[in-house]
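Structure record follows, encoded as structure tokens.
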Amino acid sequence: MKLAVLWLALMLVYLLGDVLRIFSGDFVPGQIGGKTVQPIVWLGAAVVMLIPIVMMLVNVFWDNKNIVYANIIATSILFLFNAVGLPSYKSLYDIFLIVVGLIINVAIGVFSFIK
């Protein structure tokens, strides 16, 4: 259950960043980084945002020793994705929330082995 809660927290941090970006005016609809993107990029974004939701469900409903590997792989992918993207964010709230997300990723990795 602890891992599911950590995945939920990670998802909420991501969503909070998106909501703040909208309300602060730090986004242009249909663009990422000032460039218009194709629908396939939005599909990719949806897949990335779906990872915490899927992992939350997996941790609640899948009782298997191999879940440790699923958690480590998923949290590592998201950690790298956000760590690489961190320098592109200029707003303090974005940087703060990404760092919080990275900390949650580390916690997921640690708790995966404790489970």
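Nothing in this text is a laboratory measurement; each read-out follows from the coordinates by a stated rule. Predicted model only: the values in this text are computed from it and were never measured. Because the Cβ atoms are built from the backbone with ideal geometry, glycine has one as well, and the counts that use them run over all protein chains shown.
Of ILE77, ILE67, how do they rank once you tally other Cβ atoms within 10 Å and put the fewest first?
ILE77, ILE67
Which chymotrypsin sites (Phe, Trp or Tyr not before Pro) does the range 53-94 hold that lie in a coil by DSSP with at most 11 other beta carbons within 10 Å?
Taking the range 53-94 and a limit of 11 other Cβ atoms within 10 Å, the loop chymotrypsin sites (Phe, Trp or Tyr not before Pro) found are TRP62.
For a quick check: with amide H placed at 1.01 Å from N, whose amide H comes under 5 Å from ILE32's, ignoring anything fewer than 5 positions away on the same chain?
VAL37
Which one of ILE77, LEU12, GLY101 is farthest out on the positive end of the charge dipole of the chain, using unit charges on Cβ (Lys, Arg +1; Asp, Glu -1) and the Cα centre as origin?
Looking along the dipole axis, the top candidate is ILE77.
Name the residue, out of PRO52, PRO87, PRO29, whose mean-square fluctuation peaks in a Gaussian network model built on the chain with Cα pairs under 10 Å.
So, out of PRO52, PRO87, PRO29, the one fluctuating most is PRO29.
Mind checking the full-extension length gain between LYS90 and ILE22? Use 0.36 nm per residue of separation minus the Cα-Cα distance, one decimal, nm.
23.0 nm
Give me a comma-separated list of calculated 3J(HN,Hα) values for the range 94-100, in order, Karplus coefficients 6.51, -1.76, 1.60 applied at θ = phi - 60°, integers in Hz, x for any Gly or Pro.
5, 4, 4, 5, 5, 5, 4
For the chain, what does the relative contact order come out to in percent, with C-alpha contacts under 8 Å and a separation of six or more?
In percent, rounded to a whole number, it is 43.
Please give me, ordered by residue number, the trypsin sites (Lys or Arg not before Pro) of the range 1-86 that lie in loop per DSSP and have at most 14 other Cβ atoms within 10 Å.
LYS65
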